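Novice: Could you have a look at this structure, given as structure tokens, before my questions?
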Amino acid sequence: MTPAPDMPLADSDQANSTSADRAARFSSLRAGLQVPVVCAPMFLVTGPEMVVAACRAGIVGALPAANARPIEVLDDWMRSIAEQLQAAKDAGQNVAPWAFNLMTHSTNTRLNDELALVARYRPPVVITALGSPKPAIEVVHAYGGLVIGDVVNIKLAKKAAAAGVDGLACISSGAGGHTGSLSPFAFVSAIRSFYDGPIVLGGGISDGFGVAGAIAAGADLVYMGTRFIACEESRAADAYKRMLVECDIDDLIVSASITGTPASWLKPSLAAAGLDPENLPVPGARNYDANRPITARRWVDTWSAGQGVGMVNRIAPMAEIVETLKQDFTKAQDRFRRLHPTGSGDAPRNLPQSPSVADRSHA
Ligand SMILES: Cc1cc2nc3c(=O)[nH]c(=O)nc-3n(C[C@H](O)[C@H](O)[C@H](O)COP(=O)(O)O)c2cc1C
């Protein structure tokens, strides 16, 4: 791996931060966003342009480590993101923090090199996926960063919380990519019964109305991927972007056939790749090794989307999508206030209150 020169790239030089420091850091991160959304990391879709565009538009942009191969390319991308965001800040612009997404699955033989780059470029948030968050925690906490563990069920959520993550990304049914199977509303309620830390909720949430619903239900941020695949700054092929515009929720199939893990696929892309969406092959072994070149057909010719695909109506710049999310988020709050004005007889009363769930805020 090419060593990068030392650079003051982190938001903080806080060595060995405490959990209270990090909780405060999460609250201020959230408060600084235009709308409480993370542009979720997406394999072969997200590059540095998309991350920077998201952060400049006022939402968290997340880079998947696996998209940059070999490791020298990842070094360049991380440096470029950190430098561009620092330059924007120096010019007086408000930019949201960026996030880095690590596959901690045992088949990723590049993990230690990726962690060395994390220590060097200090992304404010690190999101672990498809494995334990443990390998990232010491490295990230040493510079005051936040570790969010991506989970798909209660067992994994409890394990991640016990490992010391600073938040949980709860991937629910309807998500694009490797999807979950739990309803987002049921999932967030179940997590809130034992966890009062930050929750990032994902799965089929693709407009500002859904964001408001997720926040009302107990989430702190929404993890949104599909809505951004067709943004101008994404690396998705033009044909993929056009397919997203044309498809709706009925054009999806969830199958483990392609990667070995259940993922949500656009049926027309499977058909175009010579597969029968109604008769897919038996799943093969899982392998997330970022040291492999990207030659396999999966993800390259077979395209994924979540159940919010119907919200993608045209190819648009990131800033425009974020502005629409923000406006719809405000409309949703107005609607709620109109239907349930504080103190009116319309407000639900005498509901059973569980102390741990009553407030639903992480702090
Ligand atoms: C094309 C595509 C690729 C994805 N690749 C990754 C990935 O590399 N790492 C990861 O943690 N999640 C990945 N995801 C999942 C997203 O990060 C996120 O969980 C999901 O998009 C949220 O659901 P939504 O698409 O319905 O908004 C991917 C999703 C899509 C649609």
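Novice: Could you give me the ³J(HN,Hα) list for the range 329-334, computed from phi with Karplus coefficients 6.51, -1.76, 1.60 and θ = phi - 60°, whole Hz, x at Gly and Pro?
Specialist: Computed from phi, the couplings for the range 329-334 are 4, 5, 4, 5, 5, 4 Hz.
Novice: Additional query: Net charge within 15 Å of VAL254 by Cβ-Cβ distance, Lys/Arg positive one each and Asp/Glu negative one each, not counting VAL254 itself? Please list the in-between numbers first.
Specialist: Values: positive: LYS267, ARG298; negative: ASP250, ASP251, GLU278.
Cβ neighbours under 15 Å give a net charge of -1.
Novice: Among SER304, SER234, SER257, which one moves the most in a GNM of the chain with springs linking Cα atoms closer than 10 Å?
Specialist: Its mean-square fluctuation being the largest, the pick is SER257.
Novice: While we're on this one: As a footprinting exposure proxy, order ARG337, ARG192, ARG227, ARG79 by other Cβ within 10 Å, with the fewest listed first.
Specialist: Ordered from fewest to most neighbouring Cβ atoms within 10 Å, ARG337, ARG192, ARG227, ARG79 come out as ARG337, ARG79, ARG192, ARG227.
Novice: Sequence-distant or interchain residues sharing an amide H contact under 5 Å with ILE127, placed H: which?
Specialist: PHE100, ASN101, LEU102, ILE148
Novice: Another question about this same structure. State the antiparallel share, in %, of DSSP beta bridges confined to the range 175-319, rounding to the nearest 5. Please report the intermediate quantities before stating the final value.
Specialist: Numbers: 7 of 11 bridges.
Within the range 175-319, antiparallel bridges account for around 65 percent of the total.
Novice: Can you sort ASP276, ASP196 by how many other beta carbons sit within 10 Å, fewest first?
Specialist: Going from least to most buried by this count: ASP276, ASP196.
Novice: For the range 127-228, state which chymotrypsin sites (Phe, Trp or Tyr not before Pro) are in a DSSP loop and have at most 14 other beta carbons lying within 10 Å of their beta carbon.
Specialist: PHE194
Novice: Now, a different point. Within the set of other residues whose C-beta is less than 14 Å from the C-beta of VAL322, count the net charge using Lys and Arg as +1 and Asp and Glu as -1.
Specialist: -3
Novice: Treat the count of other C-beta atoms within 10 Å as a stand-in for reagent exposure and order VAL200, VAL73, VAL139 from fewest to most.
Specialist: VAL73, VAL139, VAL200
Novice: Straight-line reach only, C-alpha to C-alpha below 20 angstrom: list the aspartates and glutamates that LYS267 could link to, leaving out same-chain residues fewer than 8 apart.
Specialist: Straight-distance partners of LYS267: ASP238, GLU246, ASP248, ASP250, ASP251, ASP276, GLU278, ASP301.
Novice: Here is a further query. Work through the residues other than PRO268 whose Cβ is under 12 Å from its Cβ and net out their charges, Lys, Arg +1 and Asp, Glu -1.
Specialist: The answer is -3.
Novice: Further, regarding this structure: Anyone know which of ALA54, ALA116, ALA230 comes out most mobile in the 10 Å Cα GNM of the chain?
Specialist: Highest fluctuation among the options: ALA116.
Novice: Residue by residue through the range 119-124, what is 3J(HN,Hα) from phi via Karplus (6.51 cos²θ - 1.76 cosθ + 1.60, θ = phi - 60°)? Round to whole Hz and write x for glycine and proline.
Specialist: 4, 6, 9, 6, x, x
Novice: DSSP beta bridges in the chain, what fraction antiparallel, as a percent rounded to 5?
Specialist: 20 percent
No lab work stands behind these numbers, since they all come straight from the coordinates. Keep in mind it's a predicted model, so treat the numbers as computed, not measured. Glycine gets a Cβ as well: all are built from the backbone with ideal geometry, and neighbour counts include every protein chain shown.
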